[in-house]
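What follows is a single structure, written as structure tokens, with notes after it.
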Amino acid sequence: MSKKELEQHYLNTTYSVFIDEKKCAIKINKPLPAVIQKLVNKEKSAAILTAWNPRSQALSLAENKSRNNELILKLKNYTIFNAVGQGEDPSWLAEESYLIPGIEKSQADIMAVKFEQYAYVWCESEKPASLIFTQLWQNKL
């Protein structure tokens, strides 16, 4: 998959967050659902991070779960909400993720790079969700 195709795949993904037994769908460059917007307004910002499929290379379910468990340990000082990222390609499993309200962008960048992610979702008060590409993306051929 070319870099341009991969970028489009990320942009077309639906990021579903589970809050109070409600599923809230986030799309890049679209307004945040009211429940998420309220949370983001309170905390000023939020990120959706995952440790699944580093550098967009598919790993086994067991490896991905193990990596996400490691990510959870790094996020122990935050309140987190379960999320999943589901692309349009049905052959690609939905990636388990976490919405982390209150995380600073610099910290989200560090975590994304540590877990070898090309990008993550960034949410700010009164703004649509955005896709932030990490330094690993810049280095991708």
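The values are calculated or read from the model by the stated rules, or taken from the named source; none is laboratory data. Everything quoted here is computed from the prediction, not taken from an experiment. Backbone-built Cβ (ideal geometry, glycine too); neighbour counts: all protein chains shown.
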*asked:* Every residue in segment 1-50 that is more than 15 Å from residue 83 (Cα to Cα) and among the polar types (S, T, N, Q), please.
replied: 2, 8, 12, 29, 37, 41, 45
*What is the one condition in (1) among the aliphatic types (A, V, I, L, M); (2) at pLDDT below 95; (3) under 22 Å from residue 133 (Cα atoms); (4) surrounded by 13 or more Cβ atoms within 10 Å (Cβ to Cβ) that residue 35 does not satisfy?*
(3)
*Of 64, 77, 53, 68, which residue is closer than 22 Å to residue 139 by Cβ and among the polar types (S, T, N, Q)?*
53
*Quick one: count up the residues across segment 96-140 that are free of Cβ contacts under 8 Å to residues at least 24 places away in the same chain, among the aliphatic types (A, V, I, L, M) and closer than 19 Å to residue 57 by Cα.*
1
*Only residues in segment 69-81 that are touching a residue at least 24 places away in the same chain (Cβ under 8 Å) and buried (at least 17 other Cβ atoms within 10 Å of the Cβ) count as the first member; pair them with residues that are part of a loop (DSSP other than H, G, I, E, B) and of a type in the set (Ser, Thr, Tyr), Cβ under 9 angstrom, at least 6 apart or cross-chain, and list the lot.*
71/50
*Going by the conditions given, is residue 17 more than 21 Å from residue 106 (Cα to Cα), modelled with pLDDT under 95 and of a type in the set (Val, Ile, Thr)?*
no
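Within segment 40-48, is there a residue that is basic (Lys, Arg), modelled with pLDDT under 95 and either closer than 21 Å to residue 106 by Cβ or surrounded by 12 or more Cβ atoms within 10 Å (Cβ to Cβ) (or both)?
Checking segment 40-48: at least one residue is basic (Lys, Arg), modelled with pLDDT under 95 and either closer than 21 Å to residue 106 by Cβ or surrounded by 12 or more Cβ atoms within 10 Å (Cβ to Cβ) (or both).
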*All positions within segment 58-68 that are in contact (Cβ under 8 Å) with a residue 12 or more places away in the chain and out of contact with any Phe, Trp or Tyr (no Cβ under 7 Å at 6 or more places or on another chain)*: 58, 61, 65
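Going through segment 82-112 one residue at a time, which ones are of a type in the set (D, E, K, R) and surrounded by fewer than 16 Cβ atoms within 10 Å (Cβ to Cβ)?
Narrowing segment 82-112 to residues of a type in the set (D, E, K, R): 88-89, 95-96, 104-105, 109.
The answer is 88, 89, 104, 105.
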_among the hydroxyl-bearing types (Ser, Thr, Tyr), at pLDDT below 95, more than 22 Å from residue 20 (Cβ to Cβ) and within 15 Å of the chain's Cα centre (by Cα): is that true of residue 56 in this structure?_
yes
